Amino acid sequence: MKRILRCFQSWKSGSLVLSVALSGTAWAAEQKSATQKTPLPAAVTPLTPVVAVPVLPLPDKKAILKGAVYHPDWNIFNAGNGTASGFGVVNGYGQARWTEDWSPLARTPQNIRKNDWFNRLKYVRLNDSGSIWMSFSGEERLRYIFENQPLLGQAGKTNASRVLLRNQYGADLHLGEHVRAYAEFLYGVAGGSNTYGYQTGAQRESLDLQQGILEVKGRLLGAQMGVIGGRQIFLDAPVSLQSPRDLTNVQQTWDGFRGYAVWNRFRIDLFDFMQTNKLPQKVFADGTNYNARLYGAYTSTALPAFQFMGQKSQMFADLFFLGYLYGGAAASIPAATQGSVQKGSSRRDNVGLRLWGNVGPFSTNLTGIFQGGEFRPAKTSQSTRSVRAYAVNGSITYTRADWAGKPGFGVQADLFSGGSDRSQGGAVGTFATPFVPLPYYNDLSLSLTSQNLIGVGPIANFTMHPTLHLKLHVPFFWRASTQDAVYGGNSKIYNWRDNLHGGFTGVMPYTQLSWNFAPHWAWTHDIEGILLSRGMRTVGAKEGALYMQTLEFKF
């Protein structure tokens, strides 16, 4: 505790000037009318960010319902605030804005629609019948981040203060029931003092097309089917494997196609993408990075519902294959000489099974992944190596909605395999997550990443008020293999190895407080302490702290 206080005492009081937008809470307690069907219990993975939801009415003449959900009806796959559908969180506003469906506003009484001025932008009729209509969306996000020892003191900067401003606006055109087109434009500004990492295209972005899709959909073979082509964010993967990179100004997007089919109790998603190239930082200059590919299939089956402890329970069994093809710094592996890396390219074949949902008051999530593939060294004189890695991730949370504060208490545990950087001939045993695993999942500071890592710690969340939410997470970290390196975010491989003794790395207590203080507005504070083991401090790693706050406006 004393070390945390020392970290925070080094902060300049003038640095704490902005306010945090969290992707994470509901605007108001959802009030149900007697005529509304009871929704399925939401089985949300702990610490998964939840998109802020405005106070908006459902098309119900008898009552104004707060926290309304506007999205396509995926039946049982509406669970988890829509995450079971494979399109990310959709609770009023979606992580991907094109997942929203505002057509119910056409049937909403005018006196109710007037409760929110922005409703006039969510459903704009373009013909007399209303079959052609448009919806507009927007986001202004101001984020401030302070780190006194970025990347465990290895970023080349101290007391880094970063100010990030994201301007993001979209238009969604519906041409009847079966065709829609969506375009989203982004402009990102970044500044501050002692900054780092601004030249990657993830923070500063000139005006460009962030997302642009064409979707054709309909009912076929008893399922809701569709094909989505173009530039898009992709969320149909465990958060321990892939995320939309929302910590930065510029989200990670992909150029390609996905096809989906959703039946009553089974769904499948097929996809093939190339990563969007965010460089050079010029107006409408984004292209396609053909050296980074994501492809595969994801299936989900809703298991039979059952009762446990007097509550309805619903579990999902997901079977998936995710393929990675990538090169550059993300594909490099430690070489035999300490402090050096072996460059090359890699193919990673992820075969996994996920079992998740709610068992009475318990929210559960268990994922197991085997990662095969190969590593091809850049030097042709070196032999191609196979990949044999794995990951196991699990969490369980007990929630009491009938208690004051609606508390939830649980534990999260993760294992990402490591290899041996001293053996350069056998299979690569280090699990790889090249496409930005979710920072909120384990380590917000990105000091550590999901490679050669064991993490376990308690989690807790509280709803102290319908618009005020608190989350806590205290993970303890170890190296999965003491013969492997310590890995950080942004493809960082730390130089410590031969002089680093013991597997224990440290503990990183994290707390998040979010307040939806007005319709369309969210203010979030994230604080993380970085406390390291004696072995890490001995080799030169620096303890520190991170403070982030975000002020976010959405419509």
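Here are some notes:
- So V341, is it under 26 Å from N452 (Cβ atoms), open to solvent by 50 Å² or more (accessible area, probe 1.4 Å), in contact with a helix residue (DSSP H, G or I) (Cβ under 9 Å, 6 or more places away or on another chain) and of a type in the set (A, V, I, L, M, F, W, C): yes
- Cβ-Cβ distances below 9 Å connect the following pairs, each with a first residue in segment 409-434 that is at pLDDT below 90, a second residue that is outside any loop (DSSP other than H, G, I, E, B) and among the charged types (D, E, K, R), and a separation of six or more residues or different chains: Q424/R385; G425/R385; G426/R385.
- Pick from segment 133-168, criterion hydroxyl-bearing (S, T, Y) and more than 19 Å from S103 (Cα to Cα), ranking: farthest from the chain's Cα centre (by Cα): T158
- The set of residues in segment 431-476 being closer than 21 Å to G352 by Cβ, assigned to a strand (DSSP E or B) and touching a Lys or Arg at 6+ places or on another chain (Cβ under 8 Å) consists of L453, I454.
- In this structure, G529 does not qualify as of a type outside the set (S, T, N, Q) and part of a loop (DSSP other than H, G, I, E, B).
- In this structure, V411 does satisfy being open to solvent by 10 Å² or more (accessible area, probe 1.4 Å), of a type in the set (V, I, T), under 25 Å from G503 (Cβ atoms) and in a strand (DSSP E or B).
- Of all residues in segment 380-408, those being touching a residue at least 60 places away in the same chain (Cβ under 8 Å) and within 25 Å of L453 (Cα to Cα) number 4.
- The residue of segment 369-379 that is farthest from the chain's Cα centre (by Cα), among those that are closer than 11 Å to N350 by Cβ and in contact (Cβ under 8 Å) with a residue 40 or more places away in the chain, is G373.
- Per the listing L366, L355, L322, the residue uniquely in contact (Cβ under 8 Å) with a residue 40 or more places away in the chain, closer than 30 Å to L472 by Cα, assigned to a strand (DSSP E or B) and within 22 Å of the chain's Cα centre (by Cα) is L355.
- Taken over segment 316-363, residues that are in contact with an Asp or Glu (Cβ under 6 Å, 6 or more places away or on another chain) and among the polar types (S, T, N, Q) amount to 1.
- Checking each residue in segment 490-512 for being crowded, with 20+ Cβ neighbours inside 10 Å and either of a type outside the set (S, T, N, Q) or more than 23 Å from A330 (Cα to Cα) (or both) picks out I493, Y494, L500, G506, M508, Y510, Q512.
Per-residue answers, yes or no, for (1) more than 16 Å from A79 (Cβ to Cβ); (2) modelled with pLDDT of 95 or more; (3) in contact with a Lys or Arg (Cβ under 8 Å, 6 or more places away or on another chain); (4) open to solvent by 40 Å² or more (accessible area, probe 1.4 Å):
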position	(1), (2), (3), (4)
S313	no, no, no, no
A317	no, yes, yes, no
F320	yes, yes, yes, no
G327	yes, no, no, no
I333	yes, no, no, no
L355	no, yes, no, yes
V359	no, no, no, no
G372	yes, yes, yes, no
T384	yes, no, yes, yes
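- Of all residues making up segment 285-305, the number that are open to solvent by 50 Å² or more (accessible area, probe 1.4 Å) and either assigned to a loop (DSSP other than H, G, I, E, B) or modelled with pLDDT under 95 (or both): 5
- Residue in segment 120-132 that is over 11 Å from Y70 (Cβ atoms) and surrounded by 19 or more Cβ atoms within 10 Å (Cβ to Cβ) present: no
- Residue selected from segment 184-211 under the condition open to solvent by 60 Å² or more (accessible area, probe 1.4 Å) and aromatic (F, W, Y), by the criterion nearest to W254 (Cα to Cα): F185
- When segment 477-489 is limited to residues that are open to solvent by less than 50 Å² (accessible area, probe 1.4 Å) and in a strand (DSSP E or B), the one that is farthest from A329 (Cα to Cα) turns out to be F477.
The values are calculated or read from the model by the stated rules, or taken from the named source; none is laboratory data. Predicted, not measured: the structure shown is a model, and the values here were computed from it. Virtual Cβ from ideal backbone geometry, glycine too; neighbours counted across all protein chains shown. Accessible surface is based on the protein model in full, side chains and every heavy atom, while ligands, DNA and RNA are left aside. Shrake-Rupley method; radii C 1.70, N 1.55, O 1.52, S 1.80 Å.
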